[in-house]
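**Student:** Sharing a structure, written as structure tokens. Questions coming.
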Amino acid sequence: MDRQKKFFSAEDVLFEITRSSDDEFEESEDSDDEGDMLEDGKDDPILYRHQVESSDEEWHPSTSQPAEKRCKLSDSSRSALAVLDLNRPVKGRGKKSSRKTKSLPAVSPSTPKEKWNCSTDEDITPPPAVFRPFRTPGPQLILTASYTVLQLFQLFISTSMLQTIVQNTNAYGTLQQKEQKQWQNISLNDLYAYLSLVIFMGLVKVPSLMDYWRKSNIFHIPFPAQVMSSRKFYTISSALHLSDPKVDAENNNKKGTAAYDRLCKIKPMYQELRDACKNFFHPFQNIAIDERMVASKARNGLKQYMKAKPTKWGYKLFVLADSLCAYTWDFFVYEGKSPAAPIPQNKGLSYESVMALVDEKMLGTGNRLFVDNFYTSPTLFRDLLKKNIWACGTIRSNRIGYPKTGMNKLLKKAPRGTHRWLREGDLLFVEWKDTREVQMCSTIHRGSGGSVVKRKVKGGNGQWETLDVPVPDCVAEYNRCMGGVDVSDALIGYYSVSHKTRKWYRTFFYHFVDIAIVNAFILQRQMACMKNQKPLTQKQFRERLVEELTVLVRADVPSSPPSHKDETRHLPGNFASDSTKGRRECRICSKKTPVFCKTCSTPLCFQPKRDCCAVWHHQH
């Protein structure tokens with residue numbers, strides 16, 4: 001009953017009041033004839049009210065008929081109409097009355113109406129996005145040259161970057177050294193060996209790190225022991241540091257002030273990697289912006305929670321990726337509500353994050369940006385259009401500027417594939433019915449027309465059948481181009497090098513290595529396609545990268561003392577008088593041994609079941 005009464009006029013509400021009052025109003029003799037309240041001879045009041053409820057336009061009280069033709073009021077009722085304020089809420093007189101009548105706003109005949117158009121109504125064609133990139137889209141490399149996998153990787157993780165990490169790691173290790181065990185400085189070669197093992201561990205998964213160095217008859221992986229001992233690997237992992245410890249100490253003194261930098265410990269690698277991502281590739285016309293979560297449960301103020309993401313706890317990155325090849329072109333780490341945050345919170349995080357990533361001076365003009373409903377707003381799309389950047393994305397119906405007439409129940413009752421549109425200048429709003437309602441906003445597409453998509457629907461006989469469902473152009477293109485960041489996340493997740501660590505900045509180190517590998521892999525694939533060659537898969541790319549890093553390490557390792565082949569006698573000796581002291585790693589099997597060759601000065605096993613001494617002298 002209440003649902004039907006919301007379509008009555010103000011006089012109708014007063015008519016209902018007259019029926020419930022015995023003191024001031026008289027009941028009309030013809031009040032049960034509801035046909036007098038309908039216009040144009042509509043006899044069925046229930047059907048008429050349903051038609052009004054399903055209408056796309058706002059309902060306005062009719063003023064063409066006088067009140068006497070709708071209901072017959074007594075003289076006392078007519079006098080009451082003159083003194084009652086129609087805009088005030090009317091309360092029931094009885095104590096048991098639970099009916100509440102809201103105030104009825106006065107509707108001006110000149111109020112503009114927003115009319116939604118159906119899919120068959122013709123829409124204007126918006127001006128096309130003329131693409132004028134700042135550079136030629138694609139890899140910014142010498143297209144005629146041939147690059148090895150290691151050379152592509154070093155475009156992002158350069159030698160200078162690794163040298164800085166080596167210096168900072170040695171400085172941090174010296175500060176953290178214990179009295180019993182002094183820190184031994186690592187070299188650039190050691191860090192390359194460490195990287196090769198980290199990438200290898202992303203390809204070959206085992207339950208624990210120590211399993212990579214196990215010497216078991218049924219479980220044995222020889223590669224890690226050939227590159228680095230487990231003790232050295234753990235030592236580098238525990239001392240890995242990206243920033244200068246002195247700079248960290250100065251920054252800690254500024255904690256609590258606006259000058260405090262929450263990303264100080266990752267800044268050297270963070271800034272250089274961002275610049276490298278933008279220097280060696282230029283996006284094509286379609287780009288996408290989305291969030292990326294780096295998994296972590298560390299107790300750190302940078303950690304965020306996002307229940308809609310597969311990775312719910314971790315550090316949040318805002319990423320701009322190419323929609324065609326999923327190349328990560330730019331990104332930044334979300335610092336939270338910090339006074340030193342690079343994004344001012346004057347127009348909201350979603351608006352400012354897009355503006356921080358979209359640099360028209362480096363991108364050029366005519367790009368088409370695709371975002372999800374966290375970012376989409378009419379204000380953002382209009383401001384992007386001023387920069388000659390077109391945009392499309394899903395939108396939340398409670399956004400400021402979204403047409404309020406779209407908030408009705410017509411679309412919920414409509415069949416699958418129904419869509420309607422509304423244009424406000426350069427902005428197009430589209431509502432489409434799939435399994436649920438989808439709201440879109442675009443400055444690229446037309447509202448009319450569209451294509452079809454395949455959907456599986458269970459028929460009345462219980463069998464699944466494929467149907468062609470109409471879909472607007474903006475929805476179809478959004479589904480094609482929005483997945484740039486998601487594809488990049490998937491490529492990273494397949495063979496991620498991430499390790500558990502108690503230091504938050506080391507989590508970013510592993511993620512930055514993943515970004516560098518995936519971007520280098522995409523460059524390799526783009527270059528191969530330009531030359532009509534078969535590109536490597538990501539697994540093959542990572543395997544070859546591990547091999548080339550290992551060759552680089554072994555080529556730079558100082559050669560061992562020359563073996564005197566002219567010497568006929570190779571006598572074994574002991575490092576100490578006790579076989580449990582002074583043991584070193586065997587050059588062949590990497591196990592601890594107290595024996596070494598006096599002629600070669602090489603630690604080697606000399607046991608009945610493990611005669612590495614004979615194997616070594618046979619090879620050398």
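**Student:** Rounded to the nearest 0.05, what FRET efficiency do ILE400 and MET355 give with R0 = 22 Å and r taken as the Cβ-Cβ distance? Could you check?
**Tutor:** With R0 = 22 Å, the Cβ-Cβ based efficiency is 0.80.
**Student:** Full extension from PHE131 to LYS591: what is 0.36 nm times the residue separation minus their Cα-Cα distance, to one decimal in nm?
**Tutor:** Gain in length upon complete extension: 159.4 nm.
**Student:** Next question, about the same structure. Tell me, what ³J(HN,Hα) does each residue in the stretch 425-441 have, in order and in whole Hz, if you take phi through Karplus 6.51 cos²θ - 1.76 cosθ + 1.60 with θ = phi - 60° and put x for Gly and Pro?
**Tutor:** x, 7, 8, 10, 10, 10, 10, 10, 9, 10, 5, 8, 6, 10, 10, 10, 9
**Student:** For the pairs LYS316/LYS361; LYS454/LYS539; LYS181/LYS265, note any where the Cα-Cα span goes beyond 28 Å.
**Tutor:** LYS454/LYS539
**Student:** Right, another one. Using amide H atoms built 1.01 Å from N in the peptide plane, name the residues 5+ places from GLN304, or on other chains, whose amide H lies under 5 Å from its own.
**Tutor:** Here GLY314, TYR315, LYS316 satisfy the definition.
**Student:** Subtract the Cα-Cα distance of LYS503 and SER158 from 0.36 nm times their separation in residues, and report this length gain in nm to one decimal.
**Tutor:** Full-extension gain reported as 121.9 nm.
**Student:** Next up: Report, by chain and number, residues whose modeled amide H sits under 5 Å from the one on PHE332, excluding near sequence neighbours (fewer than 5 apart, same chain).
**Tutor:** PHE318
**Student:** Efficiency by 1/(1 + (r/R0)^6): what FRET value for ARG423 and SER601, r their Cβ-Cβ distance, R0 = 56 Å, to the nearest 0.05?
**Tutor:** Rounded to the nearest 0.05, the efficiency is 0.10.
**Student:** Right, next: Label ALA414 and ASN279 with points 7 Å out from Cα along Cα→Cβ: what is the distance between them in nm?
**Tutor:** So the label points at ALA414 and ASN279 sit 5.1 nm apart.
**Student:** Roughly speaking, what is the stretch gain from ASN189 to LYS303, that is 0.36 nm per residue apart minus the C-alpha to C-alpha distance, in nm to one decimal?
**Tutor:** Contour length minus Cα-Cα distance gives 37.7 nm.
**Student:** Counting just the Cα atoms, what span does the stretch 121-201 cover along each of its three principal axes? Round to the nearest Å and put the largest first.
**Tutor:** 81, 37, 26
**Student:** While we're here: Taking amide hydrogens as modeled 1.01 Å from N in the peptide plane, which residues meet the under 5 Å criterion relative to VAL453, leaving out close sequence neighbours?
**Tutor:** VAL469, VAL471
**Student:** Let me ask something additional. Distance in nm between label sites at VAL615 and VAL206, each 7 Å beyond Cα in the beta-carbon direction?
**Tutor:** The two pseudo-label positions are separated by 1.6 nm.
**Student:** What nm distance separates the two modelled labels at GLN271 and SER146, each placed 7 Å from Cα along Cα→Cβ?
**Tutor:** It works out to 3.9 nm between the two label points.
**Student:** Another question about this same structure. What is the Å³ per residue value for the convex hull set by the Cα atoms of the stretch 371-480?
**Tutor:** Spread over its residues, the Cα hull of the stretch 371-480 gives 105 Å³ apiece.
**Student:** Take the residue pairs LYS312/LYS337; LYS404/LYS433; LYS307/LYS456; LYS267/LYS303 and return only those whose Cα atoms are more than 22 Å apart.
**Tutor:** Listed pairs above 22 Å: LYS307/LYS456.
**Student:** Mind listing P(r) for the stretch 517-556? All alpha-carbon pairs, 10 Å bins, whole percents.
**Tutor:** 31, 43, 24, 3
**Student:** When ligands, DNA and RNA are left out and all protein chains stay put, how many square angstrom of accessible area per residue does the stretch 412-480 have with a 1.4 Å probe?
**Tutor:** 52
**Student:** Could you calculate the FRET efficiency of LEU467 with THR365 from 1/(1 + (r/R0)^6), where r is the beta carbon distance between them and R0 is 41 Å, rounded to 0.05?
**Tutor:** Given R0 = 41 Å and the Cβ-Cβ separation, E is 0.50.
**Student:** Then there's this: Counting heavy atoms of the protein chains only and a 1.4 Å probe, report the per residue accessible area for the stretch 274-342 as a whole number of Å².
**Tutor:** 40
The values are calculated or read from the model by the stated rules, or taken from the named source; none is laboratory data. Every value quoted in this text rests on a predicted model; they were computed, and no experiment measured them. Because the Cβ atoms are built from the backbone with ideal geometry, glycine has one as well, and the counts that use them run over all protein chains shown. Remember, those area values only see protein heavy atoms, side chains included, never the ligands or the DNA or RNA. Shrake-Rupley method; radii C 1.70, N 1.55, O 1.52, S 1.80 Å.
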